[in-house]
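Before any comments, here is the structure.
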Amino acid sequence: MSRPDRQFAYDPAVGWRVGRGGTAVCVHPYRVGMPPGAYASAGVPLPDLSLPAPPPSPEALELPTEREDLEGWLVATLRMASQDQIFTAVAWAERVATQRFASGDVVAALRRVLSVELARR
């Protein structure tokens with residue numbers, strides 16, 4: 001899935017996206033390193049985790065309209081940056097994101113994302 005589908009709406013009461021039956025759904029496979037699937041909720045076997053994570057789709061690289069999708073966009077953006085360009089990519093992403101979202105929200109999202117993204121490089 002390239003962009004969060006309306007059928008997988010963000011449920012603020014639980015803090016994540018859910019499918020029609022209320023089951024948690026990950027809509028950013030490049031973040032978790034495997035394609036979408038009902039691994040925990042329906043017992044689908046896990047894929048081979050030694051394979052590289054799926055790359056972000058072109059749609060995942062478009063600035064989202066919902067604040068809940070900001071972290072996913074930041075991850076996608078930073079995953080596309082080379083090791084030498086990571087700091088340039090962070091500055092660019094911050095500048096672009098603050099055109100749509102409050103600077104405090106952008107900084108908070110960047111802190112959460114960078115704590116993982118910089119560690120995985």
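The values are calculated or read from the model by the stated rules, or taken from the named source; none is laboratory data. Nothing here was measured: the structure is a model prediction, and the numbers come from that model. Don't worry about glycine lacking a Cβ; one is built from the backbone with ideal geometry, like all the others, and counts go over all protein chains shown.
Within the bounds of region 85-95, is there any residue that is over 21 Å from ARG121 (Cα atoms) and either β-branched (Val, Ile, Thr) or at pLDDT below 85 (or both)? The answer is no; no qualifying residue exists. Under 7 Å between Cβ atoms, which residue pairs at least 6 apart in sequence (or on different chains) link something in region 82-105 that is among the charged types (D, E, K, R) with a partner that is assigned to a helix (DSSP H, G or I) and surrounded by 14 or more Cβ atoms within 10 Å (Cβ to Cβ)? That search, which allows pairs on different chains as well, returns GLU94/VAL106; GLU94/LEU110; ASP105/ARG67; ASP105/LEU70. Taking the criterion of being at pLDDT 75 or above and either among the polar types (S, T, N, Q) or in contact with a helix residue (DSSP H, G or I) (Cβ under 6 Å, 6 or more places away or on another chain) (or both), no residue of region 1-29 qualifies. In region 18-44, the residues that are over 24 Å from LEU70 (Cβ atoms) and among the aliphatic types (A, V, I, L, M) form Cβ pairs under 7 Å with partners that are at pLDDT 75 or above and in a loop (DSSP other than H, G, I, E, B), at six or more places apart or across chains, as follows: ALA38/VAL44.
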